[in-house]
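Each value in this text was obtained by applying a stated rule to the coordinates, not by laboratory testing. As the structure is a prediction and not an experimental result, all values here were calculated from the model. No Cβ is skipped: glycine too gets one built from the backbone with ideal geometry, and neighbour counts run over all protein chains shown.
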Amino acid sequence: MNISHIEHIGIAVKSLETAIPYYENVLGLKCYSIEEVADQKVKTAFFKVGQTKIELLEPTAEDSPVAAFIEKRGEGIHHIAFKVDDVACCLHEAEEKGVRLIDKAPRKGAEGLKIAFLHPKSTCSVLTELCTE
Ligand code: CO
């Protein structure tokens, strides 16, 4: 797969307004971007930690997958995103190795990244995102 680093960690929160002050005032990180991703029915807030980012995810609709996650498991770590060279190629490779895919092809995520998710049933229960610029 040729993963270079952890691009971001996605964290499900009920409210960005409540969560952002913790990351800024306690951890001393700076929120540099807030973006709504209509496709995934979330509003995202980003912080840089070295070359990795924290991506806070607030659901914007009751049928948002993140709303379902919070309902079932509460707030917390939602997914881990690995930076790869070629998402389509990695999806193909994963599928050949018997991994169940959520996305059969890359789609557009926050920050203009190309992203795709692997199913937690095939990834030791960690929702796994592959992404590239
Ligand atoms: Co993500």
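Among the candidates K83, K97, the residue that is touching a strand residue (DSSP E or B) at 6+ places or on another chain (Cβ under 6 Å) and among the basic types (K, R) is uniquely K83. In segment 50-74, the qualifying residues are those that are under 18 Å from T132 (Cα atoms), under 15 Å from the mean Cα position of the chain (by Cα) and not polar (S, T, N, Q), and the one that is nearest to the ligand (Cβ to nearest atom) is E55.
E24 fulfils the conditions (1) within 14 Å of the ligand (Cβ to nearest atom); (2) touching a Lys or Arg at 6+ places or on another chain (Cβ under 9 Å); (3) more than 22 Å from V126 (Cβ to Cβ); (4) not β-branched (V, I, T) except for a single criterion, (1). Taken over segment 1-11, the criterion of being more than 11 Å from Q51 (Cα to Cα) and within 11 Å of the ligand (Cβ to nearest atom) is satisfied by I9, G10, I11. The residues in segment 41-87 that are free of Cβ contacts under 8 Å to residues at least 12 places away in the same chain and not in a helix (DSSP H, G or I) can be counted, and the count is 3.
For beta carbons closer than 6 Å, sequence separation of 6+ or different chains, a first residue in segment 94-115 that is in contact (Cβ under 8 Å) with a residue 12 or more places away in the chain and assigned to a helix (DSSP H, G or I) and a second that is β-branched (V, I, T) and surrounded by 15 or more Cβ atoms within 10 Å (Cβ to Cβ), the qualifying pairs are A110/V37; A110/T44. Please determine, by comparing only the residues of segment 12-21 that are farther than 15 Å from E36 by Cα and either without any contact (Cβ under 8 Å) to a residue 24 or more places away in the chain or not in a helix (DSSP H, G or I) (or both), which one is farthest from the ligand (Cβ to nearest atom). Residue satisfying both the conditions and the ranking: P21. With respect to E129, is the statement that it is touching a strand residue (DSSP E or B) at 6+ places or on another chain (Cβ under 6 Å), within 15 Å of the ligand (Cβ to nearest atom) and charged (D, E, K, R) true? Taking the combined requirement at face value, the residue satisfies it. Here K72 passes the criteria (1) surrounded by fewer than 16 Cβ atoms within 10 Å (Cβ to Cβ); (2) of a type outside the set (D, E); (3) in contact with a strand residue (DSSP E or B) (Cβ under 8 Å, 6 or more places away or on another chain) except the one numbered (3). K121: without any contact (Cβ under 8 Å) to a residue 40 or more places away in the chain, over 20 Å from L56 (Cβ atoms), surrounded by 14 or more Cβ atoms within 10 Å (Cβ to Cβ) and among the basic types (K, R), yes or no? The answer is no for K121.
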